[in-house]
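Take a look at the structure below.
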Amino acid sequence: MFNPRYYEDDAMMGGMFPPGMMGRGGAPQRFDEYYRCYPVAMLPGPERENVNHGGKVIMPPSALDKLTRLHITYPMLFELINGAKDTMTHAGVLEFIAEEGKIYLPYWMLQTLHLDPGDLLQIKSTDLPPGTFIKIQAQSPSFLEISDPKAVLENAFRNFACLTKGDTFTFAYNDDVYEMAVLETKPDVAMKGAISVLETDLEVDFATPVGYEEPKRVSGTSTPNSMGGRGGLPAGGMLHNQGTMAQAINYEAIAPNSNSAAAGAKAVSSNFLLGGQKLNARKGAKVPTPKASTPVAGASTNTPPTVLRRTNGPQPLRLPPGKLFFGYEVKPVRKSGEKKVEEDDTKPKFTGQGQTLRGGTKRKGADPTEEKKEEKKDATPAPDGGQRLGGGRTLRDTPK
């Protein structure tokens, strides 16, 4: 259990340790050694990125032997003190595989303590309370691009044993390195507000990242106060003098059943827009002779393609900035039980000239009864027993 009196003089902390840990003079023994510090990148063996972006150090095997004799159990937490620059931080221990007299630290710890490789560093064992709250601040707005910062930080804190108020630690994620500053810790009872992050429920709060700017909000309405002072567009967009949306977008011209669209389809066909040419010209007809064109340097002799503009059917909807269109008029679907709307009988159903199947032409002003008499007259029987067909020939019975 954490004891806040641990940081007082050694002679005043006799009640913290069991009798087996007391020295001959009655004062408890505390791990206190000096080592030459080096960055983790100089550790022999493969590169260990989790150690370089964590909060644990690598000590020599002799340190483990001494810690065992002092009965210092897990978690082993230490004060890292640079007496020359009067700086201090806290760290845990990961392994005891360093060379004798050396200690390997993450690079961010060397920067926090203002140390250079090979400088002398004092290491003291300590005791820290479990943390309950921490407030951190990202040193770059790129931290906001992480989709799930909670899960990322939970994974990053696995490489830490303790955190100290005022430190700026680093962690790696997706080949990027992020810096986080510790602004506040709770409980703030240990030296420099250090807390342990092992086996505890830690509440994390985020401050605004360094360099982050709030996006400028543009008002959706245009008022006289929102007009730009330099004569530009208002904050809400362009203003239109039309009274309604239908007038602003010229709805009458783009509606599917508009007269202008139908007139355009009738006037200009979408299939034949150019002049025609005859394949068999008459003899003596004057055929226009193509003019010979002299090439001009820097100019193309190709005729530019004709741009066809579609005028049949609904016209494309092009709205100005700041305008919305909510669709054309709704035509309800006719249900199976409803009757079809009756068509207007006054409108002609068939227009144009008609044609008859009879080959003969009909005389103007002729009486139909007279035509029937002529037909009967043509079909009178011949005197020799035949039947006259009306063309001067008769049908007789052929002799047997």
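The values are calculated or read from the model by the stated rules, or taken from the named source; none is laboratory data. What you are looking at is a predicted structure, and each value in this text was computed from that prediction instead of being measured. Cβ sites come from the backbone with ideal geometry, for glycine too, and all protein chains shown count toward neighbours. Note: areas computed on protein heavy atoms with side chains; ligands, DNA, RNA excluded. Shrake-Rupley method; radii C 1.70, N 1.55, O 1.52, S 1.80 Å.
Quick one: which of PRO209, PRO187 is over 27 Å from the mean Cα position of the chain (by Cα) and not aromatic (Phe, Trp, Tyr)?
PRO187
Considering only residues in segment 178-201 that are aliphatic (A, V, I, L, M) and modelled with pLDDT of 90 or more, the one that is farthest from ASN50 (Cα to Cα) turns out to be LEU183.
For segment 141-165, give me the residue count where each residue is loosely packed, with under 15 Cβ neighbours inside 10 Å and either touching a Lys or Arg at 6+ places or on another chain (Cβ under 9 Å) or not basic (Lys, Arg) (or both). Explain how you work it out, then say what you get.
From segment 141-165, those loosely packed, with under 15 Cβ neighbours inside 10 Å are 141-142, 144-145, 147-148, 150-151, 154-155, 158; that's our starting set.
When the remaining residues are screened for being either touching a Lys or Arg at 6+ places or on another chain (Cβ under 9 Å) or not basic (Lys, Arg) (or both), the result is 141-142, 144-145, 147-148, 151, 154-155.
Here the count works out to 9.
In segment 26-34, the condition of being under 19 Å from PRO117 (Cβ atoms) and modelled with pLDDT of 75 or more is met by at least one residue. Counting the residues of segment 101-132 that are open to solvent by 10 Å² or more (accessible area, probe 1.4 Å) and assigned to a strand (DSSP E or B) gives 6.
With the requirement that a residue be acidic (Asp, Glu), surrounded by fewer than 16 Cβ atoms within 10 Å (Cβ to Cβ) and not in a loop (DSSP other than H, G, I, E, B), what does segment 64-91 give you? I'd like the intermediate steps shown before the answer.
Initially, segment 64-91 is screened for residues acidic (Asp, Glu), giving 65, 79, 86.
Among the residues that remain, those that are also surrounded by fewer than 16 Cβ atoms within 10 Å (Cβ to Cβ) are: 65, 86.
Scanning segment 64-91 gives a single hit, ASP65.
Residue pairs whose Cβ atoms lie under 6 Å apart, separated by 6 or more positions or on different chains, with the first residue in segment 179-193 and open to solvent by 10 Å² or more (accessible area, probe 1.4 Å) and the second hydroxyl-bearing (Ser, Thr, Tyr) and in a loop (DSSP other than H, G, I, E, B), are LYS186/THR132; LYS192/THR164. Within segment 166-186, the set of residues being under 24 Å from LEU113 (Cβ atoms) and out of contact with any Ser or Thr (no Cβ under 6 Å at 6 or more places or on another chain) comprises GLY166, THR168, PHE169, THR170, PHE171, ALA172, TYR178, MET180, VAL182, LEU183, GLU184, THR185.
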